[in-house]
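Report on one structure; see the data block that follows.
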Amino acid sequence: MKLPKLLLLVLLYFLLIKCSAQVPSGYRVRGHIRGLPDRTKIYLIDGGQRKIIDSAVVYQERFEINGTLPEPAHTYLYAGRGSVSLKLADILLDNRNLEVEGMRPVYDSVVVKGSDIDRLWKEWWQEDQKIGYQRFRIKQVYDSLSAKEDTANAAILKQIVDELTAHRIGLLKAYVRRYSTSAVGAALPTLCTLSNYLTRADYLEMYQILSPTWQRSRFGREILAEAGKKGFQP
């Protein structure tokens with residue numbers, strides 16, 4: 001049985017309203033961090049451009065920041081400015097509602113909830129840090145052996161250090177490939193601490209992995225800029 005044309009139009013209208021309501025028009029960062037004094041100024045800072053996006057004032061350990069981003073950005077949340085500033089969180093921010101919670105105004109005690117891209121890049125960060133910590137400890141022993149001119153054993157450890165570095169680079173590329181159509185894949189090459197070990201070819205490879213939309217994003221342009229800094233090295 002066919003529905004009357006007017007009824008179909010009404011159903012379509014309400015469907016469009018429902019869909020539009022589910023798509024956030026901007027971001028809202030609501031925070032509850034215990035121990036934050038009243039009247040503390042909270043700043044949301046664009047990490048790439050090093051500029052303040054917005055700010056709020058704490059009242060009863062709570063604050064709220066609202067705004068709109070043209071595209072996702074790596075941001076910092078700071079309490080205070082200058083010499084008394086305190087970094088509370090890194091947020092890969094997009095236009096959605098986030099909850100920032102902490103038992104203390106200390107970076108490691110603050111948790112960001114509500115953003116998939118924020119959760120996923122922190123998932124990569126935790127995996128990368130595990131490998132990085134292993135590399136750091138072995139590198140310390142390597143440096144000690146090198147200082148004692150124990151070249152034979154130092155060479156063995158140097159190979160392990162290089163393998164762990166390659167493992168970190170492989171992990172980074174795997175995440176870029178897995179999330180090539182999202183902000184996560186585009187942001188990771190610019191957020192990682194591997195720039196000293198990545199070559200021009202590495203950056204270009206990760207750029208090519210991204211979907212065309214994210215190649216054109218600010219993150220995509222930053223990846224190309226990093227590749228350019230490497231000159232024409234292989």
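The values are calculated or read from the model by the stated rules, or taken from the named source; none is laboratory data. Just so we're clear, the structure is a prediction, and the values are computed from it rather than from any experiment. Note that we place each Cβ from the backbone using ideal geometry, even for glycine, and neighbour counts take in every protein chain shown. What goes into the accessible areas is simple: the full protein's heavy atoms, side chains included, and nothing from ligands, DNA or RNA. Shrake-Rupley method; radii C 1.70, N 1.55, O 1.52, S 1.80 Å.
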- Query: How big is the Rg/Rh ratio for the range 20-159, C-alpha atoms only, Rh by Kirkwood, two decimals?
  - Reply: 1.16
- When the Karplus curve 6.51 cos²θ - 1.76 cosθ + 1.60 is applied with θ = phi - 60°, which whole-Hz ³J(HN,Hα) does each residue of the range 108-120 get, with x for Gly and Pro? 6, 9, 9, 10, 9, 10, x, 10, 5, 5, 5, 5, 6
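By accessible area of protein heavy atoms, probe 1.4 Å, what ranking do 230, 148 get, highest first?
Descending order: 148, 230.
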- Item | Extension gain from residue 163 to residue 178, taking 0.36 nm per residue of separation minus the Cα-Cα distance | 3.2 nm
- Query: Per residue, how much space in cubic angstrom lies within the convex hull of the C-alpha atoms of the range 21-103?
  - Reply: 90 Å³
- Item | Selection from 86, 227, 37, by position along the positive dipole direction of the chain (Cβ) | 37
- Query: What angle, in degrees between 0 and 90 and rounded to the nearest 10, separates the Cα long axis of helix 5-22 from the longest principal axis of the Cα atoms of the chain?
  - Reply: 40 degrees
- Just going by the charge dipole of the range 97-220, with Lys and Arg at +1 and Asp and Glu at -1 on Cβ, which of 201, 151, 134 is farthest out on the positive end? 201
- Message: Under a crude label model (7 Å from the Cα following the beta-carbon direction), how far is residue 95 from residue 32 in nanometres?
- Response: 2.8 nm
- Item | Phi-based couplings in Hz for the range 174-183 (Karplus 6.51, -1.76, 1.60; Gly and Pro marked x) | 5, 5, 4, 5, 5, 10, 5, 9, 9, 4
- Note on the structure: Karplus-derived 3J(HN,Hα) from phi for the range 155-165 (6.51 cos²θ - 1.76 cosθ + 1.60, θ = phi - 60°), whole Hz, x at Gly and Pro, runs 5, 5, 5, 4, 5, 5, 4, 5, 5, 5, 4
- Note on the structure: Heads up, the range 128-175 by the C-alpha gyration tensor (a ≥ b ≥ c square roots of eigenvalues; a/c under 1.5 rounded, else a/b over b/c prolate, else oblate) looks prolate
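Given a cut-off of 26 Å, name the pairs among 41/229; 87/130; 51/113; 87/173; 113/139; 41/113 whose C-alpha atoms lie farther apart than that in the structure shown.
Over 26 Å apart, Cα to Cα: 41/229; 87/173; 113/139.
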- Message: Rounded, prolate or oblate, given the Cα gyration tensor of the range 92-148, with a/c below 1.5 counting as rounded?
- Response: prolate
- Under 5 Å, built H, 5+ apart or other chain: amide partners of residue 53: 44, 45, 46
- For residue 89, residues with placed amide H under 5 Å, excluding near neighbours: 77
- Query: Taking N as the number of residues in the chain, what value does Rg over Cα atoms divided by 2.2 N^0.38 Å take?
  - Reply: 1.30
- Contour minus Cα-Cα span, residue 103 to residue 199, at 0.36 nm per residue, comes to 30.5 nm
- Task: Subtracting the Cα-Cα distance from 0.36 nm times the residue separation, let me have the gained length for residue 143 to residue 216 in nm, one decimal.
- Result: 22.1 nm
- Item | Accessible area per residue, Å², the chain with all protein chains present, probe 1.4 Å | 60 Å²
